[in-house]
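Below is one structure, written out as structure tokens; comments come after it.
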Amino acid sequence: MATSGSDMSVESVVRRVVADHRDQRGALLPVLHAVQAELGHVPQEAIPVLADELNLSRADVHGVVTFYHDFRREPAGRTTVRICRAEACQALGADRLVNYARESGLTLGETSADGSVTVEQVFCLGNCALGPAVEANGRLYGRVGPARLGSILSGTPNATLDETLNGTVSS
């Protein structure tokens, strides 16, 4: 659950999370995941606090945050849509979904100007049999075409589970 800035300062959240992982060896990754779970992202002001608490350089912490695509440096949109780009989904049309998102003015890895949606690419959602797959706010969709992606992006996914499993979703 994200913590608003008025509830706690970034520094206090980071220090509490580090304290929870103090005895864990190689705690940086679990700490970063926990910070992101609490704040919705890993803000820049968390870097020096993490470095201090974990006895690492700021460069080390920054390097890990920027290397792994799962860590956000800015808050995500109200809706987060992840398009699978792994081999099975690519073979079944994931490029059409990426092109649709781009034609809709959305850039992979970024949040729309109005903060409504963040579109990301991932390299497996574990739904290979029903590719191309898309995940929106933690809900998995299979056999997604451009029209269905449009409804997912607008927050109105319209297919039932039976339609998805039977492959009768029009897109």
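Summary table below
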{"quantity": "Given (1) over 18 Å from the mean Cα position of the chain (by Cα); (2) loosely packed, with under 15 Cβ neighbours inside 10 Å; (3) closer than 14 Å to Arg82 by Cβ, index of the condition Val144 fails", "calculated": "(2)"}
{"quantity": "Candidate set from the stretch 130-141 (those that are at pLDDT 95 or above and not in a strand (DSSP E or B)); member that is surrounded by the most Cβ atoms within 10 Å (Cβ to Cβ)", "calculated": "Pro132"}
{"quantity": "Segments classed as helices (runs of 4 or more DSSP H), wholly inside the stretch 1-110, with at least 1 members that are of a type outside the set (Gly, Ala, Ser), within 24 Å of Pro157 (Cβ to Cβ) and open to solvent by 70 Å² or more (accessible area, probe 1.4 Å)", "calculated": "94-103"}
{"quantity": "Considering residues of the stretch 154-171 that are of a type in the set (A, V, I, L, M, F, W, C) and open to solvent by less than 30 Å² (accessible area, probe 1.4 Å) only, the residue modelled with the highest pLDDT", "calculated": "Ala159"}
{"quantity": "Hits in the stretch 111-125 (condition: assigned to a loop (DSSP other than H, G, I, E, B) and either free of Cβ contacts under 8 Å to residues at least 12 places away in the same chain or among the hydrophobic types (A, V, I, L, M, F, W, C) (or both))", "calculated": "Ala113, Asp114, Phe123, Cys124, Leu125"}
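Yes/no matrix, rows are residues, columns are (1) over 26 Å from Ser112 (Cβ atoms); (2) modelled with pLDDT of 95 or more:
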| site | (1), (2) |
| --- | --- |
| Met8 | yes, no |
| Arg25 | yes, no |
| Val49 | yes, yes |
| Leu56 | yes, yes |
| Gly63 | yes, yes |
| Phe71 | no, no |
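The values are calculated or read from the model by the stated rules, or taken from the named source; none is laboratory data. Owing to the predicted nature of the structure, the values given are computational and were not obtained by experimental measurement. In this analysis, Cβ positions are derived from the backbone assuming ideal geometry, glycine residues included, and neighbour counts consider all displayed protein chains. Remember, those area values only see protein heavy atoms, side chains included, never the ligands or the DNA or RNA. Shrake-Rupley method; radii C 1.70, N 1.55, O 1.52, S 1.80 Å.
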